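Contents: one structure, followed by commentary.
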Amino acid sequence: MNSHVEIERAREIVGRPKTKVARGLSFALCAVISILIWPLFLVAQDNASVSGKVQGPGGAALAGVTVTLVNQETQAKQETITAEDGTFVLTGLAQGNYLLQRGRVR
């Protein structure tokens, strides 16, 4: 009987084993919390990028051209200059609609 008393005391400390209903409720609660939290991670992502190549009328790459991307909602601008091969990359862009502008060759 002594071991029976020890088992009961251990159950009081740890808690009673969960029933199927309690396990089902725990799973449902975790699922609901996950569904509610997931959109917060999606909203916070500002990792879009735009890349391209600026070429002249004959298809030759144009180096040193200023490329500007303007967010149509916030008017925030991000600028870069094309590389020797005419390529450019703009990163860290927030979600939105943008206007791509090119400047003169430097």
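Can you name the condition, by its number, that ALA63 falls short on among (1) over 12 Å from ARG104 (Cα atoms); (2) in contact (Cβ under 8 Å) with a residue 12 or more places away in the chain?
Going through (1) over 12 Å from ARG104 (Cα atoms); (2) in contact (Cβ under 8 Å) with a residue 12 or more places away in the chain one by one, ALA63 breaks only (1).
Can you tell me which of THR68, THR74, THR82, THR91 is in contact with a Lys or Arg (Cβ under 7 Å, 6 or more places away or on another chain) and in contact (Cβ under 8 Å) with a residue 12 or more places away in the chain? It would help to see each step written out before you state the result.
On the way: THR74 fails: in contact with a Lys or Arg (Cβ under 7 Å, 6 or more places away or on another chain); THR82 fails: in contact with a Lys or Arg (Cβ under 7 Å, 6 or more places away or on another chain); THR91 fails: in contact with a Lys or Arg (Cβ under 7 Å, 6 or more places away or on another chain).
Of THR68, THR74, THR82, THR91, the one residue that is in contact with a Lys or Arg (Cβ under 7 Å, 6 or more places away or on another chain) and in contact (Cβ under 8 Å) with a residue 12 or more places away in the chain is THR68.
Just so you know, all these numbers are worked out from the coordinates, no wet-lab data involved. Computed from a prediction, not measured in an experiment: that's the story for all the values here. With ideal geometry, Cβ positions are generated from the backbone for all residues, glycine too; neighbour counts draw on all protein chains shown.
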